[in-house]
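Derivation of every value follows stated rules applied to the coordinates shown; laboratory data play no part. Keep in mind that what you see is a predicted model, and the values were worked out from it rather than measured. In this analysis, Cβ positions are derived from the backbone assuming ideal geometry, glycine residues included, and neighbour counts consider all displayed protein chains.
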Amino acid sequence: MTEPTCEIVTAAYRRRGQHAFHFRSGVIAQSHIIGETMSRSKPSARESAAAMDARLKAAIDEAHAAGMAAVKDFVERTWMAKDGVIYDASGCAFVKVRTPSYQFREALKRLNPKAHGLYGAWTVLGFGRQMPREQSITAHEIACKAALNILSAHFPTEEFLVDSHMD
């Protein structure tokens, strides 16, 4: 077998858009590719941000729907007081992400300009007055746990948690 010549090695590297190093008389020489443009394999920052925004919005919408479905099931099988209110303590709950990645945090801020973090946790989703019998802390927690499962499936590298408060 013969060794490949410098020209063949250089041509092979040039086809891949790389620089080739080869030996000539014991000295390392570098062949440069001049005038050839390399194709961009990575999307631009704007394209990446738009893709992350769309991905996060779709995940939040799906999580919201799952939370509302979980609350509907809970309301159908829970005990109600005479006035139609769930017999439970009052309170609310939120889905938060603890120390989110830069891309996730920036997408969250673009989707909700009022989003803010407190002690490293950022609020992703809350149900507020959208829920039937909204005073029940258990209903809020059930909705948030269902939403948390969906968000965790979409973003496995992020750490989501349910933060609840009694009134």
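Quick notes on this structure:
- The ranking of 47, 141 by Cβ neighbour count inside 10 Å, starting from the fewest, reads 47, 141.
- Label point distance in nm, residue 106-residue 90, each placed 7 Å from Cα along Cα→Cβ: 4.2 nm
- Each Cα pair under 8 Å and six or more residues apart adds its sequence gap; the mean of these over the residue count of segment 45-166 is a relative contact order of 39 percent.
- For segment 72-167, trypsin sites (Lys or Arg not before Pro) are listed when DSSP marks them as loop and at most 15 other Cβ atoms sit within 10 Å of their Cβ; the list is 82, 114.
- Arranged from fewest to most other beta-carbon atoms within 10 Å of their beta carbon, 166, 68 become 166, 68.
- 23 Å Cα-Cα threshold exceeded, pairs from 57/109; 72/114; 42/114; 42/96: 72/114; 42/114; 42/96
- Taking the fewest neighbouring Cβ atoms within 10 Å as the starting point, the ordered list for 136, 152 is 152, 136.
- For residue 65, net neighbour charge (Lys/Arg +1, Asp/Glu -1) across residues whose Cβ lies under 14 Å away: -1
- Loop chymotrypsin sites (Phe, Trp or Tyr not before Pro), segment 103-167, which have at most 12 other Cβ atoms in a 10 Å radius of their Cβ (DSSP): 119
- For segment 140-156, the residues whose backbone nitrogen is under 17 Å from a point 7 Å from the Cα of residue 99, taken along Cα to Cβ, are 156.
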